[in-house]
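One structure is given here, and the rest of the page talks about it.
The values are calculated or read from the model by the stated rules, or taken from the named source; none is laboratory data. Please read these numbers as outputs of a predicted model, since none were measured by experiment. All Cβ positions, glycine included, derive from the backbone under ideal geometry; neighbour counts span all protein chains shown. We work out accessible area using only protein heavy atoms, side chains counted, and drop any ligands, DNA or RNA first. Shrake-Rupley method; radii C 1.70, N 1.55, O 1.52, S 1.80 Å.
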Amino acid sequence: MVPLRQWRTTAHLVGHARRLGRLGNSNTFSITPCVRSSAGISEAADYCKDLVRKHDYEAFLTSQLYPRVYRPGYYALRAFYIELATVKEAVSQTTLGQGRFVFWRNAVKDIFKNAPPRHPIAIALHQVTQNSHLAQYHFQRMIDAREEELFSPTHLTVESMTAHAESTSSTFFYLILSMLRQESAIFSHAASHLGIAQSFATFLRAFPFHASKGVMVIPAEITAKHGVKQQDVFSKHATSKELEDAVFELATIANDNIMTAREMFKETGGKVPQAVMPLFSAAIPTVSILTRLESVNFDVFHPSLQVRDWKLPWRVYTSYYNRQF
């Protein structure tokens, strides 16, 4: 997953959305129930695929591991995830962000009433709900968590940050398990920990961006313990022993969650069933972030962390065929 600063709607995507009736202008959404056609569904699916490909490189990379029949559903769900995650950065006022979440809250209700609005992601999501049994609760949970970010972008405790990760990244994986018809206690437990690790690692990689906005992504209980001076971090944009210790602690928690997810497959020697391996391949980019952080002594401002890992495709595919993460 790329840092949020790289997530922007392109002119191509906006134009594509207008053809589907999504936008009157860049901030206006149509809530009129759409008349679906095979062409409309196909364009909606293409829109979602383009959105993921352009703005979430790692998700698009792992999407290639899914059987073709599930890829449109994956793109729809991931596009929804990206759409929610970028609201905070896309609006200039909190009230505008709230308006977008109201739209999506209503859109999800309409999707489950078989009357999706004229929005490409909504159209694609409706198609997924027709093919898979997805819980409406999971969509609402993700919306609620992202809306909370508008008002509370920081966390006081690790527990609070973990709850947020479970409501966003982990919940996305629950939806994927449902789409794959592979729901089980073991898979859900492993997916929950993977989601937490992915969320924490992504925040650490995007640390410089958030710091430039005056936002400390590491929970206050950790920064306080290590004596991190937040104003120095925001003004100097440079590492320090205190900050590296705090980053190390949060990265360790993320790594512990990866290890816990792996433990769920210890009875099979760490081998993951092929049917869910595409989902758990998402652990490889997360492990890559944590490994690269360690290689620069947990200096979150190190320029190398913002350069794409050219070995990642090979690692993802190797992991997939070995059925291990």
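Considering only alpha-carbon pairs that sit under 8 angstrom and 6 or more positions apart, the relative contact order computed for segment 44-119 is 23 percent.
Across all directions, the average flat footprint of the convex hull enclosing the Cα atoms of segment 153-324 is 9.8 nm². Taking a ≥ b ≥ c as the square roots of the Cα gyration tensor eigenvalues, segment 33-128 comes out oblate, since a/c reaches at least 1.5 and a/b does not exceed b/c.
Computed over protein heavy atoms with a 1.4 Å probe, the accessible surface of segment 53-148 works out to 39 Å² per residue. Counting Lys and Arg as +1 and Asp and Glu as -1 over every other residue whose Cβ lies under 14 Å from the Cβ of residue 226, the net charge comes to -3. The residues neighbouring residue 78, those whose beta-carbon lies less than 11 Å from its own, together hold a net charge of 0 under the Lys/Arg +1, Asp/Glu -1 convention. Protein heavy-atom surface of segment 153-324, 1.4 angstrom probe: 55% of the accessible area is carbon and sulfur, with nucleic acids and ligands not counted.
Accessible area ranking (1.4 Å probe, heavy atoms, ligands and nucleic acids excluded), largest first, for 137, 81, 57: 137, 57, 81. Only protein heavy atoms count here; under a 1.4 Å probe, residue 123 has an accessible surface of about 10 Å². Here is the list for segment 133-188: trypsin sites (Lys or Arg not before Pro) lying in DSSP coil, each with at most 14 other C-beta atoms within 10 angstrom of its C-beta, are 181.
In the chain, the ratio of gyration radius to Kirkwood radius, Rg to Rh, stands at 0.96 when only Cα atoms are counted. All alpha carbon pair distances within segment 131-214 were sorted into 10 Å bins beginning at 0; the resulting P(r) in whole percents reads 17, 46, 28, 9, 1. What's the angle, to the nearest 10 degrees (0 to 90), between helix 136-151's Cα axis and the longest principal axis of the chain? Tilt of helix 136-151: around 50 degrees.
Our summary gives segment 153-324 a relative contact order of 27 percent, counting only alpha carbon pairs under 8 angstrom and 6 or more residues apart. Helices in the chain, meaning DSSP H runs of at least 4 residues, each add -39500 (n - 2.57). Divided by all residues, the mean residue ellipticity at 222 nm is -19500 deg cm²/dmol.
For segment 159-260, the Cα gyration tensor yields ellipsoid semi-axes of 31, 13, 9 Å (square root of five times each eigenvalue, largest first, whole Å).
Placing unit charges on each Cβ (+1 for Lys and Arg, -1 for Asp and Glu) gives the chain a dipole about its Cα centre, and among 268, 101, 120 the Cα reaching farthest toward its positive end belongs to 120. Note on the chain: GNM, Cα springs under 10 Å; of 92, 63, 178, the largest mean-square fluctuation is that of 92. Taking the charge dipole of segment 153-324 about its Cα centre, with +1 at Lys and Arg Cβ atoms and -1 at Asp and Glu Cβ atoms, the residue from 258, 285, 160 reaching farthest to the positive side is 285.
Between residue 64 and residue 322, what length in nm is gained on full extension when 0.36 nm per residue of separation is reduced by their alpha carbon distance? Between residue 64 and residue 322, full extension yields 91.3 nm more.
When the surface is traced with a 1.4 Å probe over the full set of protein chains, residue 294 keeps roughly 120 Å² accessible. At the residue level, residue 132 shows approximately 20 square angstrom of accessible surface with a 1.4 angstrom probe and all protein chains present.
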